[in-house]
Amino acid sequence: MTQPLRLGIAGLGTVGMGVVKIIQQKAEILATRGGQEVVISAVSARSKDKDRGFDLSAYAWEDDPVRLATRDDVDIFIELIGGSEGPALAATQAAIAAGKDVITANKAMLAVHGQALAQAAEDKDRLIRFEAAVAGGIPVVKALTEGLAGNQITRIMGVMNGTCNYILTQMQATGRGYEALFEECAKLGFLEADPNLDVGGIDAGHKLALLAAIAFGTQVDFAAVELEGISAISIEDIRQAADMGYRIKLLGVAQMTARGLEQRMSPCLVPADSPLGQLEGGTNMTVLEGDEVGQIVLRGAGAGAGPTASAVLSDIIDIARGTRISTFGQPAETLSPAIKTASVTEAPYYLRMQLTDQPGALAKIATVLGEHDVSINRMRQYGHDAATAPVLIVTHDTLRATLDKALQNLPHTGVLEGTPIAIRIESV
Ligand code: HSE
């Protein structure tokens, strides 16, 4: 057996400690599968004295992750600090400059700096691997870069934020509102330090941008992702969408269109009986579509020590085996700048609105929609005691921009109360 492969691990939170423990417990498996013994040389975290319930004294300690990243006895720098800037970025850049391979779980850093980091790594003939950054334990980066490498990818979709899926599916199952479930997630420790990363769709948007770069051979472009979170979703939407045979998901969709790359992370309706519709709780799902393979569905844990460490370990074993794949599946210099396009694919939309209960109110709404070329497919008005009537409409395929123009004109009817809700229905 050759020289051991030496790791420097920065960040000893849930995932970092998970990685340390598994490397200790599975030393033999790692050595056998990778053909090389894997050892931890040094670790780094914000506090050396914190009780992590685990003896780390066998490893050198560095307070500064940049020093850790550049140590002579480190071959792979494992970045589990998080955050798009600051120490994570500084240490990753230092590791690459010092000629180390890098493994990271940091979707935010790669979504913003991925192209520059990939280019810098390749200039040094080094690798950046990031299986743990997207959908935790689901090997979706490997699926795209290796298993589906012979395909032209036509669309990728994903529910990639477990916290949002937990909130939405619990709203459905228990009838509780968004705020109550948000509080529950805070108590359970499910939310990121900045909860908007979860409920604002940013965390999932980072992941979508990374997958889109691999899938479409484009430079990662998080700024081009159309983002909409889940905080405006009400229990009425959950109930009434269910009544029409749908579930609401925070769904990421990326597809290459004739006008450019469409990347959306937003609440969508999906058929209740589809794999995405049936995804419950904090689980993630990615759906990949290729011209040769058709549709592939991957489902599994998107967060947590074991699943995320599992992804980090697969990257370690790949490097031990000598598998050398460019960061985004092809050399960084061949990735083309993504041409950003707003939603240019047509879809049906679910509309929910409150109408003054008077003769001709529905007709006025239908007229405005019709004048804007938005055709109604299904419509339902619910029994009610209040002065306004709850109305649901499912449209035929239309462009979001067309629909928005119609919605802007609905208040002129004088029969609309409040603002209508519009949610895309994704064909899955
Ligand atoms: N906060 C994320 C989630 C996990 O809820 O899925 C880390 O990306």
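The values are calculated or read from the model by the stated rules, or taken from the named source; none is laboratory data. If you're wondering where the values come from, they're calculated on a predicted model, not measured in any experiment. Here the Cβ positions follow ideal geometry from the backbone for every residue, glycine too, while neighbour counts run over all protein chains shown. Accessible surface areas use protein heavy atoms only, side chains included; no ligands, DNA or RNA. Shrake-Rupley method; radii C 1.70, N 1.55, O 1.52, S 1.80 Å.
Structure above, values below:
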{"quantity": "Lys21 farther than 21 Å from Ala94 by Cα, open to solvent by 50 Å² or more (accessible area, probe 1.4 Å) and under 28 Å from the mean Cα position of the chain (by Cα)", "calculated": "yes"}
{"quantity": "Scope the stretch 86-102; condition open to solvent by less than 40 Å² (accessible area, probe 1.4 Å) and within 17 Å of Leu7 (Cβ to Cβ); matching residues", "calculated": "Ala88, Ala91, Thr92, Ala94, Ala95, Ile96, Gly99, Lys100, Asp101, Val102"}
{"quantity": "Residues being open to solvent by less than 30 Å² (accessible area, probe 1.4 Å) and either on the phi > 0 side of the Ramachandran plot or within 11 Å of the ligand (Cβ to nearest atom) (or both) - total across the stretch 171-204", "calculated": "6"}
{"quantity": "Given (1) at pLDDT 95 or above; (2) more than 16 Å from the ligand (Cβ to nearest atom), index of the condition Leu298 fails", "calculated": "(2)"}
{"quantity": "Complete set of residues in the stretch 284-305 that are among the polar types (S, T, N, Q) and either open to solvent by less than 30 Å² (accessible area, probe 1.4 Å) or closer than 12 Å to Val134 by Cα (or both)", "calculated": "Asn284, Thr286"}
{"quantity": "Which numbered condition Gly281 misses (of (1) on the phi > 0 side of the Ramachandran plot; (2) within 16 Å of the ligand (Cβ to nearest atom); (3) out of contact with any helix residue (DSSP H, G or I) (no Cβ under 7 Å at 6 or more places or on another chain))", "calculated": "(3)"}
{"quantity": "Enumeration of residues in the stretch 414-428 that are more than 26 Å from the chain's Cα centre (by Cα) and surrounded by fewer than 17 Cβ atoms within 10 Å (Cβ to Cβ)", "calculated": "Gly414, Glu417, Gly418, Thr419"}
{"quantity": "The stretch 101-133, residues that are part of a loop (DSSP other than H, G, I, E, B), over 18 Å from Gly13 (Cα atoms) and either in the same structural domain as Ala213 (by TED's automatic domain parsing) or in contact (Cβ under 8 Å) with a residue 60 or more places away in the chain (or both)", "calculated": "Leu127"}
{"quantity": "Selection from the stretch 306-321 of residues that are open to solvent by 30 Å² or more (accessible area, probe 1.4 Å), within 14 Å of the ligand (Cβ to nearest atom) and either touching a helix residue (DSSP H, G or I) at 6+ places or on another chain (Cβ under 8 Å) or within 13 Å of Ile29 (Cβ to Cβ) (or both)", "calculated": "Gly306"}
{"quantity": "Residue check for Val293: touching a Gly at 6+ places or on another chain (Cβ under 9 Å), outside the structural domain of Asn409 (by TED's automatic domain parsing), within 16 Å of the ligand (Cβ to nearest atom) and at pLDDT 95 or above", "calculated": "no"}
{"quantity": "Index of the failed condition, Pro275 passing every other in (1) assigned to a loop (DSSP other than H, G, I, E, B); (2) within 16 Å of the ligand (Cβ to nearest atom)", "calculated": "(2)"}
{"quantity": "The listed residue being surrounded by fewer than 20 Cβ atoms within 10 Å (Cβ to Cβ) and under 23 Å from Ser310 (Cα atoms), out of Gly114, Gly83", "calculated": "Gly83"}
{"quantity": "Subset of the stretch 76-100 [over 17 Å from Val19 (Cα atoms), aliphatic (A, V, I, L, M) and assigned to a loop (DSSP other than H, G, I, E, B)]", "calculated": "Ala98"}
{"quantity": "Residue list for the stretch 219-243, restricted to those being open to solvent by 10 Å² or more (accessible area, probe 1.4 Å) and part of a loop (DSSP other than H, G, I, E, B)", "calculated": "Gln219, Val220, Asp221, Val225, Glu228, Gly229, Ser231, Ala232, Ile233, Ser234"}
{"quantity": "Inter-residue pairs, beta-carbon under 7 Å, first in a loop (DSSP other than H, G, I, E, B) and in the stretch 26-37, second among the β-branched types (Val, Ile, Thr), 6+ apart", "calculated": "Gln36/Thr2"}
{"quantity": "Scan of the stretch 161-170 for residues that are within 11 Å of the ligand (Cβ to nearest atom), assigned to a helix (DSSP H, G or I) and under 18 Å from Leu269 (Cβ atoms), ordered by number", "calculated": "Cys164, Asn165, Ile167"}
{"quantity": "Only listed residue being over 28 Å from Pro390 (Cα atoms), in contact with a helix residue (DSSP H, G or I) (Cβ under 9 Å, 6 or more places away or on another chain) and not in a helix (DSSP H, G or I), chosen from Asp203, Asp194", "calculated": "Asp194"}
{"quantity": "Subset of the stretch 127-160 [out of contact with any strand residue (DSSP E or B) (no Cβ under 6 Å at 6 or more places or on another chain) and near the ligand (Cβ under 9 Å from one of its atoms)]", "calculated": "Ala133, Val134"}
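Conditions tested, residue by residue: (1) surrounded by fewer than 17 Cβ atoms within 10 Å (Cβ to Cβ); (2) charged (D, E, K, R); (3) farther than 30 Å from Glu37 by Cβ; (4) modelled with pLDDT of 95 or more.
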| position | (1), (2), (3), (4) |
| --- | --- |
| Thr327 | no, no, no, yes |
| Pro331 | yes, no, yes, yes |
| Pro337 | yes, no, yes, no |
| Ala342 | yes, no, yes, no |
| Thr345 | no, no, yes, no |
| Val368 | no, no, yes, yes |
| Ile376 | yes, no, yes, yes |
| Asp385 | yes, yes, yes, no |
| Ala406 | no, no, yes, yes |
